[in-house]
1. Restricting attention to the range 1-31, which residues are surrounded by 10 or more Cβ atoms within 10 Å (Cβ to Cβ), among the acidic types (Asp, Glu) and modelled with pLDDT of 75 or more?
2. Only one residue in 75, 85 is farther than 18 Å from residue 285 by Cβ, in a helix (DSSP H, G or I) and touching a strand residue (DSSP E or B) at 6+ places or on another chain (Cβ under 7 Å), so which one is that?
3. Looking only at residues that are under 21 Å from residue 240 (Cβ atoms) and part of a helix (DSSP H, G or I) in the range 156-168, which one is farthest from the chain's Cα centre (by Cα)?
4. Determine whether the range 212-233 contains at least one residue that is at pLDDT 85 or above, surrounded by fewer than 18 Cβ atoms within 10 Å (Cβ to Cβ), of a type outside the set (D, E, K, R) and within 17 Å of the chain's Cα centre (by Cα).
5. Give 274, 306, 259, 288 a once-over and let me know the one that is at pLDDT 90 or above and farther than 23 Å from residue 58 by Cβ.
6. Test residue 138 against the criterion of being surrounded by 19 or more Cβ atoms within 10 Å (Cβ to Cβ) and of a type in the set (Asp, Glu), and give yes or no.
7. If the requirement is being modelled with pLDDT under 90, surrounded by fewer than 19 Cβ atoms within 10 Å (Cβ to Cβ) and under 17 Å from the mean Cα position of the chain (by Cα), which of these qualifies: 41, 56?
8. Which one of 79, 106, 88 is surrounded by fewer than 20 Cβ atoms within 10 Å (Cβ to Cβ), under 15 Å from the mean Cα position of the chain (by Cα) and either in contact (Cβ under 8 Å) with a residue 12 or more places away in the chain or over 17 Å from residue 307 (Cβ atoms) (or both)?
Amino acid sequence: MKTLEEIEALLKKYQTFEVNSVFSMEDMFKRYLEYCKNIDGNKALTGIESIDKSLGGIRPGELMCVVAPTNAGKTSFAMMSAKATAAMMPDKIIPVICTEPTEIDMIERYLQQELNKFTFEVEELCKDLSFDSKSGSEIFSKLKKYANIIHVVKALKENEIIPYVKMLEELTEKKAGYVIIDHVQGMKASAGVNKAEKLEHIVSEMKQAVNTLMIPALFVSHTSRHDVKDKKELGLYSGKGSGEIENSAQIYFTLELETDMLGVDAETEKQLCTAENPRNKYKMLKLTPHKKKRGYAESVRLLMDTKTTEIKEYSAPPIF
């Protein structure tokens, strides 16, 4: 067999390539054994026990997508996943790229969930507080367990994901364990990418970034207006600007309001939001897998607390 230098010289006649992208069967097997050896502490979680158990977590290099219509819990789902993974990876950082929510929106959501209050109640409670006051310190102490979740509030370009993650690793002196993008349509494309190709380009580059960083990633996406307008059941092609979304994501779920109440216990059903009672305690959501590489995950029902927007898996009686 020719030497590595001879192979490189030969292939330069045809194209630019990287030597470390060519693997023999032995090379691949050795690399896979090393990957498996270190995988358990490097998987991310959704925060939904049945889904995490069936999928075995989101593995390094995997991209998970959750597609949902407006007001169906996209940001709440991303927060739940960030919190569950941060608790499991205390020695790593979890960058959350917020392309739509502001830092005010995000901290208020954390406070809603920690204090079990509506947004107006959180605002009223905090308006006369200072950070160094006793009450301010007591409230902040509830947030310290999320110290390794770092929010980037900016509509990044797809080629800025790796630089921002690396910058955060250097600032915190911790490795990144998981990256979340809320939401993908808010990202910007590099110069020269036309509007029609924007999302396809962004998601494809996100996949490359995840492979380079070798960490798991989650992004949430809006649904196409067509599916929502026609009240269609969401599926594999329901993402806004669909095409590359379902191609690049190895794990693809939809999240939507549940309309089928079959099997829901009477007490929970009385507390659900309806057209007649829009201020009731819970919204019932349905999380449905449409693409997954492994596991036996099936549709699960979730309850979203209308006060705090916190999401948990449904079981009877209510788990809140």
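1. 6, 27
2. Of the residues listed, the single one that is farther than 18 Å from residue 285 by Cβ, in a helix (DSSP H, G or I) and touching a strand residue (DSSP E or B) at 6+ places or on another chain (Cβ under 7 Å) is 85.
3. Filtering first and then ranking leaves 158.
4. Looking for residues that are at pLDDT 85 or above, surrounded by fewer than 18 Cβ atoms within 10 Å (Cβ to Cβ), of a type outside the set (D, E, K, R) and within 17 Å of the chain's Cα centre (by Cα), one finds at least one in the range 212-233, hence yes.
5. 306
6. no
7. 56
8. 106 is the lone residue from the list that is surrounded by fewer than 20 Cβ atoms within 10 Å (Cβ to Cβ), under 15 Å from the mean Cα position of the chain (by Cα) and either in contact (Cβ under 8 Å) with a residue 12 or more places away in the chain or over 17 Å from residue 307 (Cβ atoms) (or both).
The values are calculated or read from the model by the stated rules, or taken from the named source; none is laboratory data. Only a predicted model underlies this, so the values are computations on that prediction, with no experimental measurement involved. Cβ: placed from backbone, ideal geometry, glycine included. Neighbour counts: every protein chain shown.
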